[in-house]
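Report on the structure given below.
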Amino acid sequence: MNLTSDSDLDSQNVAQFSVIYSGERLDRWLADQISELSRSRIQKLIEQGQIQINQQVCTSRKQIMQTGDQVQVTIPPIASLDLLPVSMPLDILYEDDQLLIVNKPVGLVVHPAPGHQQDTLVNALLAYCDDLAGIGGVERPGIVHRLDKDTSGALAIAKTDRAHQNLQAQFKTKTARREYLGVVYGAPATASGTVDAPVGRHSVDRKKMAIVSESKGGRRAVTHWQVVERLANYSLIRFELETGRTHQIRVHSAHINHPVVGDPVYGAGRSVGVNLPGQALHAWKLRLQHPVTDQPIQVTAPIPAHILTLLEVLRRRADSQQH
């Protein structure tokens, strides 16, 4: 999406844009224009009447943009952070004065949500970093990207506004790369492949994502995969994300009939006979550039014990089937 910007985010926190190409809904269009803000914060600004289109307040996130529309965004000062810092152990993979990369355990929610107000990674980060509040939004201080509650692995957190904007841009432009390891049901017919299928909110179950055409609101999603190890009726797969849609790997794996083992949403009804605390999916490697020095950073998050145990069990089963 191209745009003409009459002003950047200035000292008054007001930005003005001219729409060049029409057809996209307001919240998605704004998310592409203002990378500093998360889509959820943009949606809140819309609901609060902070967006004007052609000098008229617009409160519908689904408003379709038209060529020539003049859009004004008013961003009020960030509200005081009403979140409780809670001291929790953090498995730190990398840290300096600009960013922090942690190995998130399975079961830990990243940011506050209903039912999880004081036991999230954000609460732990606020206790660990005194000046993190307000960076990136009220409910997501410093959070640059996300992992599902039951997915473990490497997660980057910005410690300054400069780092937050830079890292968000890296994920948007694909300078930052993420590799995952996952155990899936079945044995793919080929050694590698790519899933290029748009992902959007499920039409019936709004808590789920699904393959949804872009004409119906889906967003392009690309996942590259490669078989690491074949384990009879299961496979260890390395995934590399080209895009970062919600539940992308889980949805794409199910789409090609190889859902992730232990996935209660997209692999429901299947059992592996091993008690797992979450889906067998782990954010294994994270590569990015330092937001200030531009030096390359690569971290590897050790594979968690429950996935190692699962692999041992599946290897024994595969060996017994061969004999």
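Summary table
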read-out	value
Whole-Hz ³J(HN,Hα) from phi, Karplus 6.51 cos²θ - 1.76 cosθ + 1.60, for the range 85-95, glycine and proline x	x, 10, 6, 9, x, 10, 8, 8, 8, 7, 7
³J(HN,Hα) computed for each position of the range 275-289 - Karplus, 6.51 cos²θ - 1.76 cosθ + 1.60, integer Hz, glycine/proline x	6, 10, x, x, 5, 7, 9, 9, 6, 7, 10, 9, 10, 7, 9
Rounded to the nearest 20 debye, dipole of the chain from Cβ charges on Lys, Arg, Asp, Glu	1220
Relative contact order computed over the chain (Cα-Cα under 8 Å; 6+ residues apart), in percent	13
Gaussian network model of the chain, springs between alpha carbon atoms under 10 Å - residue of Val292, Val199, Val183 with greatest fluctuation	Val292
Estimated FRET transfer efficiency (Ala191, Asp161; beta-carbon r; R0 30 Å; 0.05)	0.10
Taking Ile101, Ile303, Ile51 and counting other C-beta atoms within 10 Å, the order from fewest to most	Ile303, Ile101, Ile51
Net charge contributed by nearby residues that have their C-beta within less than 13 Å of Leu314 (K/R +1, D/E -1)	+1
Separation of the Ser22 and Glu47 label points, Cα + 7 Å toward Cβ, nm	2.9
Quotient of Cα Rg and 2.2 N^0.38 Å for the range 214-323, N being how many residues it contains	1.25
Residue order, fewest to most surrounding Cβ atoms within 10 angstrom, among His164, His258	His258, His164
Simple label model, 7 Å out from Cα along Cβ direction - Ala169 to Met88, nm	3.1
Fewest-first ranking of Glu24, Glu312, using other Cβ atoms within 10 Å as the exposure measure	Glu312, Glu24
GNM flexibility winner over the chain from Gln50, Gln295, Gln170 (Cα, springs under 10 Å)	Gln295
Fraction of antiparallel bridges per DSSP, the chain only, in percent to nearest 5	95
Residues Ala232 and Cys58, FRET efficiency given R0 of 56 Å [Cβ-Cβ distance, rounded to 0.05]	0.50
The chain - mean residue ellipticity at 222 nm from DSSP helices (-39,500 (n - 2.57) per run, n ≥ 4, rounded to 500)	-6000 deg cm²/dmol
Out-of-range pairs (alpha-carbon distance over 26 Å; input Lys104/Lys208; Lys159/Lys216; Lys159/Lys207; Lys104/Lys172; Lys172/Lys285)	Lys159/Lys216; Lys159/Lys207
Placed amide H near Met209: partners under 5 Å, 5+ positions off or other chain	His202
Degrees, to the nearest 10: 305-322 long Cα axis against longest axis of the chain	40
Most mobile of Lys172, Lys207, Lys104 in a GNM of the chain (Cα contacts under 10 Å)	Lys207
Cα gyration tensor category, rounded, prolate or oblate, for the range 97-251 with a/c compared to 1.5	prolate
Gyration tensor (alpha-carbon) shape descriptor, the range 160-250, a/c threshold 1.5	oblate
The range 194-210 - phi-based ³J(HN,Hα) in whole Hz, Karplus 6.51/-1.76/1.60, Gly and Pro as x	9, 9, 10, 9, x, 10, x, 5, 4, 5, 10, 8, 6, 8, 10, 9, 7
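Rule-based calculations on the coordinates, nothing more; no lab input. The structure displayed is predicted, hence computed values, not measured ones. In this analysis, Cβ positions are derived from the backbone assuming ideal geometry, glycine residues included, and neighbour counts consider all displayed protein chains.
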